[in-house]
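The block underneath contains the structure these notes are about, expressed in structure tokens.
The values are calculated or read from the model by the stated rules, or taken from the named source; none is laboratory data. On a predicted model such as this, the values are computed, not experimentally measured, just so you know. Cβ: placed from backbone, ideal geometry, glycine included. Neighbour counts: every protein chain shown. For accessibility, only protein heavy atoms count, side chains too; no ligands or nucleic acids. Shrake-Rupley method; radii C 1.70, N 1.55, O 1.52, S 1.80 Å.
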Amino acid sequence: MIEMSGKILVTGATGFVGGRLLHALTARGLKVRSLVRSPEKLREGLLPEEEVEIVKGDLLKAETLDRVLEGIEVAYYMVHSMGGRTIGENKVFAERDRSAAGNFVQAADRAGLQRIIYLGGLGETGDKLSKHLASRQEVGEILSSGRAQTTILRAPNIMGAGGAPFEMLRFLVERLPVMVCPRWIETRAQPIDIRDMVDYLLGCLREPATGGLSLDVGGPEILTYRDMMEIYSRVRGLKRIIITVPVLTPRLSTYWVNLVTPVPSGIVNPLVEGLRNEVICRENRIRELIPIKLTSFEQSICNALQEIEKGPGKLISRQSCFLPKS
Ligand SMILES: NC(=O)c1ccc[n+]([C@@H]2O[C@H](COP(=O)([O-])OP(=O)(O)OC[C@H]3O[C@@H](n4cnc5c(N)ncnc54)[C@H](OP(=O)(O)O)[C@@H]3O)[C@@H](O)[C@H]2O)c1
């Protein structure tokens, strides 16, 4: 039970995580406002009974933000600027994300906003960090520089239907009986199920002790990307051969992933570059602050496949999950 007198702002509600968070908040009867660039896009994804105040705005246009923050008690910051169909188009995402966060924090201070909850990226710290992960950290620092108390959740790959990490994995394994992969498939990560991620985001509202903290968030297992491909193949009953080669640059890998999957290069490229960085929790305070039962990677894959089966049926084979339902 979450009790709040004011409204909650969700930015990024037309996105993968923000959209699911929005549904979870409205399902709990909470008052939600959403800042979106395209109200039509958001309306298409809303349930008929769902009540959401929609405000058109753009984080890159500071003048659109003041009325968005009026009367808001807590704001979720669920936005990034990666995208575009080409690698070149995507070169400026870090600058855009810097401006967007700067505009937001200034508007938040003018409006006297009390709390921000930001979903950033997990990863090592230091010079070797990819541009994408470094940018996610920078956004966290900018948001924390204002007067609002900021919670930063540092999250790894979030697994769920429609999200880039799952869709990349799904299309690669579904389409390629023999996968020639770069060495980064041996990098370790701690993927988390989308439902668990949403539970943590909700838990931050419920648990005031999360205010002002930067918390690492991860799933129950540490796995290499090779492990993830193998688990996906097993769940789907597919026989796959994985061969690693020493020379496959991020750029080449991006072209390759882009050819095989529907995920645009503008998203694939920064993610592929980041695959050399381990994404593993350095601490687990979140597990005490917000105790939830975490979903196994295998179960996440099953959940995502079942959702796709129920949805528009985008799976190549109609056969879904081979594991028994839990
Ligand atoms: N997906 C993952 O596995 C993952 C993992 C770790 C952390 N995260 C973090 O989670 C957050 C959400 O990621 P996601 O995967 O849900 O991303 P997503 O599906 O690509 O959605 C991004 C959202 O940001 C919005 N947006 C972009 N630029 C904007 C602007 N200038 N003004 C207003 N809205 C803008 C987009 O709106 P439009 O619809 O108008 O484009 C969209 O709603 C990000 O901070 C990301 O770093 C995600």
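Taken together, the criteria exclude Asn303 from residues that are surrounded by 15 or more Cβ atoms within 10 Å (Cβ to Cβ) and assigned to a loop (DSSP other than H, G, I, E, B). Leu215 meets the stated requirement of being at pLDDT 95 or above, open to solvent by less than 30 Å² (accessible area, probe 1.4 Å) and not in a helix (DSSP H, G or I).
Restricting attention to segment 225-259, the residues that are open to solvent by less than 20 Å² (accessible area, probe 1.4 Å), farther than 19 Å from Asn303 by Cα and of a type outside the set (Gly, Ala, Ser) add up to 2.
So that you can scan it fast, the table gives a plain yes or no per residue for (1) open to solvent by less than 50 Å² (accessible area, probe 1.4 Å); (2) in contact with a strand residue (DSSP E or B) (Cβ under 8 Å, 6 or more places away or on another chain); (3) touching a residue at least 12 places away in the same chain (Cβ under 8 Å); (4) more than 16 Å from Gly15 (Cβ to Cβ):
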residue	(1), (2), (3), (4)
Gly83	yes, no, yes, no
Gly123	yes, yes, yes, yes
Leu129	yes, no, yes, yes
Glu141	no, no, no, yes
Ala161	yes, no, yes, no
Met179	yes, yes, yes, yes
Glu186	no, yes, yes, yes
Ile192	yes, yes, yes, yes
Asp196	yes, no, yes, yes
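Residues in segment 163-177 that are part of a loop (DSSP other than H, G, I, E, B) and either in contact with a strand residue (DSSP E or B) (Cβ under 8 Å, 6 or more places away or on another chain) or at pLDDT below 90 (or both): Pro177 only.
Only residues that are within 12 Å of the ligand (Cβ to nearest atom) and in a loop (DSSP other than H, G, I, E, B) were counted in segment 126-160, giving 3.
Restricting attention to segment 42-51, which residues are acidic (Asp, Glu), open to solvent by 30 Å² or more (accessible area, probe 1.4 Å) and closer than 18 Å to Leu30 by Cβ? Lay out the reasoning, then the answer.
Initial filter on segment 42-51 (acidic (Asp, Glu)): 44, 49-51.
Now narrow it down to the ones that are open to solvent by 30 Å² or more (accessible area, probe 1.4 Å): 44, 49, 51.
Once the filter is applied, which keeps residues that are acidic (Asp, Glu), open to solvent by 30 Å² or more (accessible area, probe 1.4 Å) and closer than 18 Å to Leu30 by Cβ, segment 42-51 yields Glu49, Glu51.
Within segment 57-81, restricting attention to residues that are open to solvent by 100 Å² or more (accessible area, probe 1.4 Å) and of a type outside the set (Lys, Arg), the residue that is farthest from the ligand (Cβ to nearest atom) is Glu70. Whenever a residue of segment 1-29 is at positive phi, its partners that are open to solvent by 10 Å² or more (accessible area, probe 1.4 Å) and of a type outside the set (Phe, Trp, Tyr), lying with C-beta atoms within less than 6 angstrom and at least six residues away or across chains, give the pairs Gly12/Met78; Gly12/Val79.
Every condition in (1) open to solvent by 60 Å² or more (accessible area, probe 1.4 Å); (2) more than 14 Å from the ligand (Cβ to nearest atom) holds for Thr210 except the one numbered (1).
For Ala107, indicate whether it is more than 9 Å from the ligand (Cβ to nearest atom), under 17 Å from Gly120 (Cα atoms) and out of contact with any Phe, Trp or Tyr (no Cβ under 7 Å at 6 or more places or on another chain).
Working: more than 9 Å from the ligand (Cβ to nearest atom): yes; under 17 Å from Gly120 (Cα atoms): no; out of contact with any Phe, Trp or Tyr (no Cβ under 7 Å at 6 or more places or on another chain): yes.
Criteria not met by Ala107.
Tell me whether segment 91-101 contains one or more residues that are closer than 17 Å to Asn157 by Cα, within 11 Å of the ligand (Cβ to nearest atom) and modelled with pLDDT of 95 or more. Reasoning before the result, please.
Keep residues of segment 91-101 that are closer than 17 Å to Asn157 by Cα, which gives none.
Within segment 91-101 (the criterion being closer than 17 Å to Asn157 by Cα, within 11 Å of the ligand (Cβ to nearest atom) and modelled with pLDDT of 95 or more), the answer is no, since none of the residues qualifies.
Ile54 meets all of the listed conditions (1) among the hydrophobic types (A, V, I, L, M, F, W, C); (2) outside any helix (DSSP H, G or I); (3) open to solvent by less than 10 Å² (accessible area, probe 1.4 Å) but one, namely (3).
If only residues of segment 19-48 that are within 21 Å of Met4 (Cα to Cα) and part of a loop (DSSP other than H, G, I, E, B) are counted, the one that is farthest from the ligand (Cβ to nearest atom) is Gly29.
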